Amino acid sequence: KKDVANPMKSRPSTSLLSLDEYIEKYQNHASTCVCNAYVIEHSEHHARNGMIISSLGEDIFSLVELQMSTLHEFILGAGLLFTADGDAILAQGLSFVLRTLWFKQSHFQKHFLVDLKSCCIAANDFFRMMERAEDVLLKIENEYPHLAIAATCKWGGAGGSLPRQEAVDLITLYLNNSVAAVQYGQTFVLNSLHDSTSCDFLFGRDWEDLFRGNEVAKSLVVMLEDDLDEMEAILCNELLFKKAMDAIVRGSIKLYLSCLIEKSIRVRKKRKEKTDESGKHLPFLNPKRALRRIQGDVFEFKNLFDKYSNRHPSLCRVLDREFQVLNGIVEFL
C-alpha cells in the first residue's frame, strides 16, 4: 500500500515514472511537507541559562535533509549522476526546495509573534534556521560544486535560478526575520506600559505635586526591567538583544514624549473652550517643578538602560543618540 504520508519515501523506478512526473511529484511533496512543518505544534526547549528555542528549525531542516537525500538517490538510481540531465534535475530540485522554504517562511513568520516570549523564541528559531541554511549551502557547494555552472533546467518550468542564490536569499530572509521578530516584541512591552495605571499619571496633577520622588517613572522602569530581563535571558545572542534594546529605547522615549504631547493637546483644547479660569487646565501648577519632574523621569529611564549597556557595550551608541534628542527637548522646555 502506498505511503500517503511520504509518497517519496521509497525511491520510484525510472521505468514507472518519467523524469517530468518525478519532478512534479517531488515538488508537490516538498511543498506539502514544508507547509505541514510550519503549522504543527512545536515543542519548547529550555536551556539552563534561560534561553528558549522551539523545535521549528529541526522540524523544517530534517525535511530539507530528507528531500536532498531523496533527490540524490533518485538521480543515482536513474544513472544520471554527473550527467547534464542529472545536474539539471539536481539544480532544479534543490532550488525548488530552497525557494519553497523562502515562500513558506515569508508566509508564516508572523504566525509565531503572539506575545513577548513568543517573539523572542521566534527570533532564536529564525536565527538558528539561518545557521542551518548556511550549513545547507556549504553542503551543496562541497558535494555539488559543478552546479555553479549548471545548465538551464528544462523540467518544472522555463529554467530556474541556481541553488546557491536561492540559499543566499533564504539566509538573508531568516536573518531579517529574526531581527524583525525581536524588534516586534517591543510592541508588547510598550503596550503594557501604555495600558498601565502608572502611565495614566504621567504629567498629571499627582505626578507634579504628590509623587515628588519620580515614583511614576520608577514604576514604569520596574515594568520595563522585568521585560528586558526576560528578553535578555531568552535570546540566544547579543546581536538580537541589541536589536531589541534599540527598538525599546526608541519606543520608550517616543511613548514618554507622546504622553507629554497628549497633555499639551488637552490643555490647548481646554483653553479654546475657555474653561481654564480657575487654573484647572493650565499645563502645570508650577512649571519649574514640572521641569524637575521631567528631568528626574529622564534620569530614571537612562539609569535603567545604562545598566544593560554596562553588560552590552554595543548599546552605548544608541543610548547616546536617543537620549541626546530627549535631553534636547527637555532643554528646550
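The values are calculated or read from the model by the stated rules, or taken from the named source; none is laboratory data. Worth saying up front: this structure is predicted, and the values here are computed from it rather than measured. Every residue, glycine as well, gets a Cβ built from its backbone with ideal geometry; the counts of neighbours run over all protein chains shown. Keep in mind that these areas ignore ligands, DNA and RNA; they rest on the heavy atoms of the full protein, side chains included. Shrake-Rupley method; radii C 1.70, N 1.55, O 1.52, S 1.80 Å.
Over all directions, what mean area does the Cα convex hull of region 186-333 project, stated in square nanometres?
Reported value for the Cα convex hull: 9.0 nm².
In deg cm²/dmol, rounded to 500, what helix-only [θ] at 222 nm does the chain give when every DSSP H run of at least 4 residues adds -39500 (n - 2.57) and the total is split over its residues?
-24500 deg cm²/dmol
Considering the options T197, V330, G77, tell which one lies farthest towards the positive end of the dipole of the chain, charges being +1 on Lys and Arg and -1 on Asp and Glu at the Cβ, about the Cα centre.
Among T197, V330, G77, the one farthest towards the positive end of the dipole of the chain is V330.
F127: net charge of surrounding residues, Cβ under 15 Å, Lys/Arg +1, Asp/Glu -1, itself excluded?
Within the 15 Å Cβ shell, the charges total -2.
Can you give me the angle between helix 19-39 and the longest principal axis of the chain, using Cα atoms only, in degrees from 0 to 90, rounded to the nearest 10?
For 19-39 against the chain, the angle is about 30 degrees.
Based on alpha-carbon positions alone, could you give the equivalent ellipsoid semi-axes of region 27-154 from the gyration tensor, as √(5λ), descending, whole Å?
32, 14, 12
Could you derive backbone 3J(HN,Hα) for region 298-309 from the dihedral phi with the Karplus parameters 6.51, -1.76 and 1.60 (θ = phi - 60°), listing whole Hz in sequence and x where the residue is Gly or Pro?
4, 4, 5, 5, 5, 4, 5, 5, 4, 4, 6, 5
Please get the size of the charge dipole for the chain, origin at its Cα centre, with Cβ charges of +1 on Lys and Arg and -1 on Asp and Glu, quoted in debye to the nearest 20.
Its charge dipole is roughly 1480 debye.
Can you work out D for region 82-131 in µm² s⁻¹ from Stokes-Einstein, where Rh is the Kirkwood radius over C-alpha pairs, the temperature is 25 °C and the viscosity is 0.890 mPa s?
Answer, rounded: 191 µm²/s.
Around E215, what is the net charge, scoring Lys/Arg as +1 and Asp/Glu as -1 over all other residues with Cβ under 11 Å from its Cβ?
0
In a shell of Cβ-Cβ distance under 11 Å around L291, excluding L291 itself, what net charge do Lys and Arg (+1) and Asp and Glu (-1) give?
Once positives and negatives cancel, what remains is +1.
In whole percent, how big is the carbon plus sulfur part of the accessible area of the chain, probe 1.4 Å, protein atoms only?
Of all accessible area on the chain, carbon and sulfur atoms account for 54 percent.
Taking the Cα atoms only, what angle lies between the long axis of helix 215-234 and the longest principal axis of the chain, rounded to 10 degrees?
Roughly 20 degrees, rounded to the nearest 10.
Once the piece of chain linking K272 and K110 is laid out straight, how much longer is it, given 0.36 nm per residue of separation minus the C-alpha distance between them?
Answer, rounded to one decimal: 53.9 nm.
Rounded to the nearest whole Å³, what is the per residue volume of the convex hull around the Cα atoms of the chain?
187 Å³
So which of K242/K302; K243/K302; K243/K307; K117/K218 end up more than 21 Å apart by C-alpha?
Going by Cα-Cα distance, K117/K218 fall outside the 21 Å limit.
Whole number in Å², please: accessible area per residue of the chain, 1.4 Å probe, ligands, DNA and RNA not counted.
Heavy-atom SASA per residue in the chain reads 52 Å².
Using every alpha carbon pair in region 167-236, what percent of pairs falls into each 10 Å bin from 0 up to the bin containing the largest distance?
P(r) for region 167-236, in whole percents per bin: 17, 35, 24, 15, 7, 2, 0.
Would you calculate the separation in nanometres between label points at L138 and K288, each defined as 7 Å from the Cα along the Cα-to-beta-carbon direction?
6.6 nm
Determine, for each peptide in 214-223, 69-78, the mean count of other beta carbons within 10 angstrom over its residues, then list the peptides with the highest first.
214-223, 69-78
Where does helix 56-77 land angle-wise versus the long Cα axis of the chain, in degrees 0 to 90, nearest 10?
Around 20 degrees separate the two axes.
When the dipole is taken about the Cα centre of region 180-333, and only Lys, Arg (+1) and Asp, Glu (-1) are charged at their Cβ, what size is it in debye, to the nearest 20?
900 debye
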